[in-house]
1. In debye to the nearest 20, how big a dipole does the chain give about its Cα centre with +1 on each Lys and Arg Cβ and -1 on each Asp and Glu Cβ?
2. Going by how many other Cβ atoms sit within 10 Å of their own, how do HIS11, HIS48, HIS237 line up, fewest first?
3. In terms of modelled amide H atoms, which long-range or inter-chain residues lie less than 5 Å from the amide H of GLY86?
4. Quick one: if the Förster radius is 51 Å, what FRET efficiency do LYS31 and MET121 give, using the C-beta to C-beta distance and rounding to 0.05?
5. Report, by chain and number, residues whose modeled amide H sits under 5 Å from the one on ALA229, excluding near sequence neighbours (fewer than 5 apart, same chain).
6. For the Cα atoms of the chain, what angle does the longest principal axis make with the long axis of helix 151-165, in degrees from 0 to 90, nearest 10?
7. So what J values fall out for the range 66-73 if you push phi through Karplus, 6.51 cos²θ - 1.76 cosθ + 1.60 with θ = phi - 60°, rounded to Hz, Gly and Pro as x?
8. Could you put GLU6, GLU158, GLU240 in order, starting from the residue whose Cβ has the fewest other Cβ atoms within 10 Å?
Amino acid sequence: MMAMLEIENLHVAIDGKEILRGIDLSLEPGKTYAIMGPNGSGKSTLSHVLAGNDKYEVTQGRVTLEGKDLLTMTPEERAGEGFFLGFQYPVEIPGVAGTTFLKTALNSVRKFRGEDELDAMQFLKVVRSKAKEIGVSDEMLKRSVNVGFSGGEKKRNEILQMAILEPKLGVLDETDSGLDIDALKTVADGVNRLSGPNRTMLVITHYQRLLNYIVPDEIHVLVNGKIVATGDKELAHELEKTGYCMFLDEEAA
C-alpha cells in the first residue's frame, strides 16, 4: 500500500538555526498517528513545513503526499491535493462570516480538483448537515470567523472546516491547547468521526490527555528535532508518568 505521507531525512532550519534534524516518517491511509514531545522539540515546525509556511527552510530531505512531491507545491495546491492543518491558535478573520469562509474554501478545493462548484443552496445543505453533527450552531456560522469565540468554539470550528473539506490528510497541531475537558471531548469526537479508510490523521500534542479520547495506531516521540521513540498508546501512558526527561538526557549525552 502506498503511504499517504512519506517523510525522508527531513532537515529544516529557521534563520539559519536547525530545528528538524533528520525526520523519517511513513503514514498509511486509514490510520491515526500522534507526535508527542516537549516544548521546543520541533512539533509545530513539522506541521508548518507540511502546510507550506515559507519562513522555514528545508535544507535536506523529501516529503511526498500519495507519491507527489509536497515540498514543491504552494499551500493552495497542498489543500487541493487533500492536506488540512488545524492550528494551535486559530486566527480570527473579522468581517468574514463563517459560511462565506467555508463556501469559498470548499469551492476552491473543488475547482482545483476539476469538480463543479456548489451554489448557495447546495452548500447550505452540506454545511448544516456537518455542523449539526459537530455541534456548531447557525449563530456561530453567521459570526465572523473565530471572532469572540472561546477556545473550544474555535477548535470546533476547525473540526467543521475539516469535515466540510474532507481532506486525505488531517494534521492537528496541539489542538488540545487551552481546552477544558468538555471542549476536548468535542474535538476528539469530531476527529474520531472523520477517521476512515481513505483518510490519515496526525495529532500533534504535548500532553497525553488528548490520547485518552483519540486512540492512535502509532505514537512517535519528537525530541530536539529527531524522532527518538515509537510505540502504541502505552508509550503515551509511560510519558505521562516519566515525562520526557529520559529522552532529553539521552540527547544531551
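Coordinate-derived values only; no laboratory data. Not measured: the values here are computed from a predicted model. For neighbour counting, all protein chains shown are included, and Cβ atoms are generated from backbone atoms with ideal geometry for every residue, glycine included.
1. I would put it at about 760 debye.
2. HIS237, HIS11, HIS48
3. VAL171, LEU172, ASP173
4. E(calc), rounded to 0.05, equals 0.90.
5. Close amide H contacts, sequence-distant or interchain: VAL221.
6. That works out to roughly 80 degrees.
7. Taking θ as phi minus 60°, the curve returns 6, x, 9, 5, 5, 5, 8, 8 Hz for the range 66-73.
8. GLU240, GLU6, GLU158
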